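Novice: Handing you a structure now.
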Amino acid sequence: MSKIRTLWSRVKGQVAELRADEVFDEEVREHIALLEKRYEAQGMSAPEATRAARRQFGNVTVLKERQRAQRGILSPTEWWRDVRFGMRMLAKRPVSSAAVVLALALGIGLNSAVFTFVNALLLRPPQGVSGTNKLVEVWLHNPKAGGVEGYLPFNYPDYAYYRDHTKSLEGLIAFDGDGEDAIWNHAGTGEILHVQFASGNLFSLLRLNAVAGRTLSADDDRIDNPRQVVVLSYPFWKQKLGGDTGVIGKTLMLDGRAFMVVGVAPASFTGLMVGTDPDFWAPLTAMVRFRPDDQNRFTDRDSSWLIVAGKMRQAGGRAFKRRCRCWRSRPTSSTEARATFWTRWSTH
Amino acid sequence: MGEGKSEVLQGTLDLMVLKTLYAMGPLHGFGIARRIEQVSAGVLDLNEGTVYTALLRLQQQGWIASKWGTSENNRRARFYSITKQGAKQLERETENWERVAGVMERVLGLERQG
């Protein structure tokens, strides 16, 4: 647990840092303003005073960097590493700790501000996609747990249920919050690639068309018959495969298993999570082939590993709340998490 | 750097800030910079921004505390004050400084032998 505690304190620290940055900005502005005033009082013109004040104060950007380093602020990479750790814990551990870890991964606080914070850091509106105002995040909610600890990512059985039974939503997307690394064997060498396992409807719901070939389909992602197919990211296709459309229909050896390339994603689309930038997408259920030892994540309701987004049929706040209530009616799992929490996808 | 000006030695700024707060009571960053400027009579070449790095360091050690107040511009500003621990640290550092300064004086005063 000590690693979790470390993570917790770092997350708290991160929130505090964001505030510390703002406070420091304010202090610096005021200091420079006072210097300007002083130089003006000594007879300088306003622009002269501004220049002199800035010279006297020194380089603000450098100073800010130094302050951050001094405070031990995390770089985005480090922050992301922590979050990935949290997500991995979620996939592996039973809910008791999963709830705690999620709280850590999500940041602190007890209200929707938390989610805004998460949005800003982790989830971003998909690039080059229209209708993002219809996207909502969906979380499992255990009303008995207090605050943010009551919110969980989805487990697979509950996701599948909601995906198949939703009437008010056009559809429900899910993807692996952690992402996976896969070794690509080619021409006698191996290279580590990042794969995001995503539900088969990811591209169609986001109205994303393949640049070449096709995108993933719901048929690729059937739990009884997962297909070993991948959709390449545009940068990967361009940089590693020379933008050759001939790769469609060919196989890539990933972790020693053959996956067929079915298409290439649009150039602007880099996934829904900051910092992941997958090299390719594979059907959620194809995870079984990648992680044969971790199959219970498709049956275990205590295995919370899916980030879920819904697409509303129409944008609008009122409809959003009504649906929220009707979703509360189904007990979802042994974990007592029975309701869902929706929030708008970040639009900044 | 202008002629006749000296750069602030690494580590000495913290001591200067601590002493300033000890002597003057709560001050904001601007006030501290002014006081140091005044005392140093223009000899020190101080990037005033670095005062804030010193303030952060001191605060992390628990040697100073801060709270919001109002600046001469009638705007919000953070005022720093020395804590009890800070006063003790100041005592220690002052002794240490005097010792080091004494040694430096003797070393620099060495006559050439032979």
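The values are calculated or read from the model by the stated rules, or taken from the named source; none is laboratory data. Since the structure is predicted, the reported quantities are computational estimates derived from the model, not experimental observations. Using ideal geometry, Cβ is built from the backbone for each residue, glycine included, and neighbour counts are taken over all protein chains shown.
Novice: So which residues in segment B:16-30 are over 10 Å from the mean Cα position of the chain (by Cα), free of Cβ contacts under 8 Å to residues at least 40 places away in the same chain and within 23 Å of B:ARG75 (Cα to Cα)? Walk me through how you get there before you give the answer.
Specialist: So the first thing to find is which residues in segment B:16-30 are over 10 Å from the mean Cα position of the chain (by Cα), and the list is B:22-30.
Right, trim to free of Cβ contacts under 8 Å to residues at least 40 places away in the same chain and you get B:23-24.
B:MET24 - this is the single residue of segment B:16-30 that is over 10 Å from the mean Cα position of the chain (by Cα), free of Cβ contacts under 8 Å to residues at least 40 places away in the same chain and within 23 Å of B:ARG75 (Cα to Cα).
Novice: B:ALA65: surrounded by 13 or more Cβ atoms within 10 Å (Cβ to Cβ) and either facing chain A (nearest Cβ under 10 Å) or among the aromatic types (Phe, Trp, Tyr) (or both), yes or no?
Specialist: Working: surrounded by 13 or more Cβ atoms within 10 Å (Cβ to Cβ): yes; either facing chain A (nearest Cβ under 10 Å) or among the aromatic types (Phe, Trp, Tyr) (or both): no.
In short, no.
Novice: Looking at segment A:43-72, I want the residues that are more than 10 Å from chain B (Cβ to nearest Cβ) and have a partner that is outside any helix (DSSP H, G or I) and surrounded by 15 or more Cβ atoms within 10 Å (Cβ to Cβ) with Cβ atoms under 8 Å, at least 6 apart or on another chain. Which pairs are those?
Specialist: Here the result reads A:ALA52/A:MET44, each pair linking segment A:43-72 to a residue that is outside any helix (DSSP H, G or I) and surrounded by 15 or more Cβ atoms within 10 Å (Cβ to Cβ).
Novice: To continue, here is another question. Evaluate segment B:35-47: report whether one residue or more is surrounded by 18 or more Cβ atoms within 10 Å (Cβ to Cβ), more than 10 Å from every other protein chain (Cβ to nearest Cβ), touching a residue at least 24 places away in the same chain (Cβ under 8 Å) and farther than 16 Å from A:ASN59 by Cβ.
Specialist: Among the residues of segment B:35-47, not one is surrounded by 18 or more Cβ atoms within 10 Å (Cβ to Cβ), more than 10 Å from every other protein chain (Cβ to nearest Cβ), touching a residue at least 24 places away in the same chain (Cβ under 8 Å) and farther than 16 Å from A:ASN59 by Cβ, which makes the answer no.
Novice: Just to be sure before I move on: is B:ARG34 outside any strand (DSSP E or B), modelled with pLDDT of 90 or more and closer than 23 Å to A:ARG55 by Cα in the structure I sent?
Specialist: Numbers: outside any strand (DSSP E or B): yes; modelled with pLDDT of 90 or more: yes; closer than 23 Å to A:ARG55 by Cα: yes.
When the stated conditions are applied, B:ARG34 passes them.
Novice: Tell me the strands (runs of 3 or more DSSP E) entirely within segment A:121-192 that contain at least 1 residues that are surrounded by fewer than 19 Cβ atoms within 10 Å (Cβ to Cβ) and either in contact with a Gly (Cβ under 9 Å, 6 or more places away or on another chain) or at pLDDT 70 or above (or both).
Specialist: The qualifying strands (runs of 3 or more DSSP E) are A:169-176, A:180-186.
Novice: Does A:ALA33 qualify as being of a type in the set (Gly, Ala, Ser), surrounded by fewer than 14 Cβ atoms within 10 Å (Cβ to Cβ) and modelled with pLDDT of 85 or more?
Specialist: no
Novice: Separate question: Just the residues that are out of contact with any strand residue (DSSP E or B) (no Cβ under 6 Å at 6 or more places or on another chain), among the aliphatic types (A, V, I, L, M) and crowded, with 16+ Cβ neighbours inside 10 Å, please, taken from segment A:209-260.
Specialist: Within segment A:209-260, A:LEU241 is the sole residue that qualifies.
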